[in-house]
Structure formats: C-alpha cells, structure tokens
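The values are calculated or read from the model by the stated rules, or taken from the named source; none is laboratory data. All values reported here derive from a predicted model rather than from experimental measurement. Every residue, glycine as well, gets a Cβ built from its backbone with ideal geometry; the counts of neighbours run over all protein chains shown. These accessible areas exclude ligands, DNA and RNA; they are computed on the full protein's heavy atoms, side chains included. Shrake-Rupley method; radii C 1.70, N 1.55, O 1.52, S 1.80 Å.
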Amino acid sequence: MTTELTPPGSAKYVLFDVDGTLIDAVANQRRVWEMWAARYGLDPAAVYQVALRTRPMETFAAVAPKRDPRECLAALHELEDEDVRSGVYDAFDGASELLSGLPSGCWALVTSNYEHRVRGRFARTGLPVPGVLVDAAAVAEGKPSPVPYLLAAERLGAKPDDCLVIEDAPSGVESGLRAGMTVWGVNTPAPVDGVHRHFASLREAVPDILAFTTGSHQDSTV
C-alpha cells in the first residue's frame, strides 16, 4: 500500500451510489424479486440469484424467456414502486452524518434506479437529496459504462480527476474507474477489484470522505 497527501487547491467532489452504499435495500430487493417470481410461477430463490448478477431485461430472458419482457419489466416496476411506498428502509450507519457534513454543491447521487424511488427512500430515511441526481432515465448507458459518473461530474462542473466515487458493487466500481475517477469501496467484507481504498463499512469511511472535500485526506492504493 502506498500513501501520499493530496495537495490542496481545486474543489473536490463526491459521487455516491445509492443502494448498498447509502441505503440498505438488500432485503427489499430480495422481496421484490421473490414477489415478481411468484407472480409468474417461478422459483423465487433461483430468480433472485440470477437477478443479483444481471440487469432486469437479462434476468427476464434467462428465467422467463417466453414472456414479454416489457410486461415483465412493468410488473417489476409496479412491485418496486409499491415497496418504496410501504417497505421498511434503513440508511447505513454514518450516512446521515456524512451527507449532512458535506459542503453544498460538492456531491451527487449516481444510481441505476429511478429518481422518484431514490427520493422516496431518502424521504423515508431522512437523508438529504443533493441538487445533482443522475438516475437510470438520465443516461442511455448505465453502469459499468462511465457515462453516469461523467454526467454527474459535468452537472457539478467538476473534472473527473477531482471526483471521488463511493461504491459497493463491481459494476459501479468499473464505471467510476472508466470515468477516470478515484474509487473507494464500502460495505463489503473484501475489496472489490480495482478500488483505490476499501472500507468494510460506510461508517469507517466517513472521516476520510469528509476530509477528501477539503484536500486534507490521504490517498491510499490497495
């Protein structure tokens, strides 16, 4: 591991993934997919295992190839929207302190979900919503493409090398790396391939993320 101080100067920005990074939605996602599978008479556990590794349209093709994928997607969206309205959500420990402590205009959310669901979950957990939120509808290419993170940087008026990405998933880490940004991983027991730093929990990362915005943090390469 190598460590060096990042010289102060230009503004620094933090770009957050949402599910699995700020919001603990694992149980909700499992429940939604299990209800979707039951609706089509499929094995819920088997469907969920496929959904963990693929995007929804790919999941439908694998587990329900004879079904209309548009109908499958509409059913999934219906269940997800209902879960936002009635499900129980928790923010990860440290999320509220972290987001409330960041300077206004220096952070954004970059999610593969949709804005109305993110806002619903944030309202349920009391987290603040930033001025820049890049969701699935904002881009033609989702993660692991670099496009979502590059768009967030553009909307913030930031250069990619002044941005720190906080992620938990391999596709998100790849997206941030391909965008030319520093990427830190959180909420995983082992580092995701490619991350510049790894924290077992978001709580552990809070002081260093806050320090990043001041230029007083230390860069470490795992």
Keeping all protein chains in place and using 1.4 angstrom, which order do Phe60, Phe92 fall into by accessible surface area, from largest down?
Phe92, Phe60
Measure out, as a whole number of angstrom, how far apart the alpha-carbon centroids of region 169-195 and region 59-73 sit.
30 Å
Extension gain (nm, one decimal) between Thr125 and Ala38, 0.36 nm per residue minus Cα-Cα:
28.5 nm
Taking every pair of alpha-carbon atoms in region 88-132, what share in percent sits in each 5 Å bin, from 0 to the bin with the longest distance?
5, 21, 31, 29, 13, 1
Relative contact order [Cα under 8 Å, 6+ residues apart], region 101-221, whole percent:
18 percent
Taking Lys159 as the anchor, which lysines have their alpha carbon closer than 22 Å to its alpha carbon, excluding any fewer than eight residues away along the same chain?
Lys12, Lys143
Expressed as a whole percentage, what fraction of the accessible surface of region 1-138 belongs to carbon and sulfur atoms when a 1.4 Å probe is rolled over the protein heavy atoms?
52 percent
Students sometimes get this wrong: rank Glu115, Glu167 by accessible area, probe 1.4 Å, all chains present, largest first.
Glu115, Glu167
Expressed in µm² per second, the diffusion coefficient of region 1-115 from the Stokes-Einstein equation, with Rh the Kirkwood radius over alpha carbon pairs, at 20 °C and 1.002 mPa s, is 128 µm²/s
Solvent-accessible surface (1.4 angstrom probe) belonging to Arg55, in square angstrom, nearest 10
120 Å²
What Kirkwood hydrodynamic radius do you get for region 92-222 when you take the inverse of the mean 1/r over all pairs of distinct Cα atoms, in Å?
14.9 Å
Separation of the Ala140 and Lys66 label points, Cα + 7 Å toward Cβ, nm
3.6 nm
If we count every other residue with Cβ under 14 angstrom of Gln49's Cβ, Lys/Arg +1 and Asp/Glu -1, where does the sum land?
-1
In whole angstrom, and with the biggest value first, how far do the Cα coordinates of region 51-147 range along each principal axis?
50, 33, 20
Give me the angle, in degrees from 0 to 90, between the Cα long axis of helix 26-39 and the longest principal axis of the Cα atoms of the chain, rounded to the nearest 10.
20 degrees
The chain: calculated mean residue ellipticity at 222 nm from DSSP helix runs of at least 4, using -39500 (n - 2.57):
-13500 deg cm²/dmol
What does the accessible area of Thr54 come to, in Å² to the nearest 10, when a probe of 1.4 Å is used?
50 Å²
Folded to 0 to 90 degrees: helix 202-212 orientation relative to the chain principal axis, Cα
40 degrees
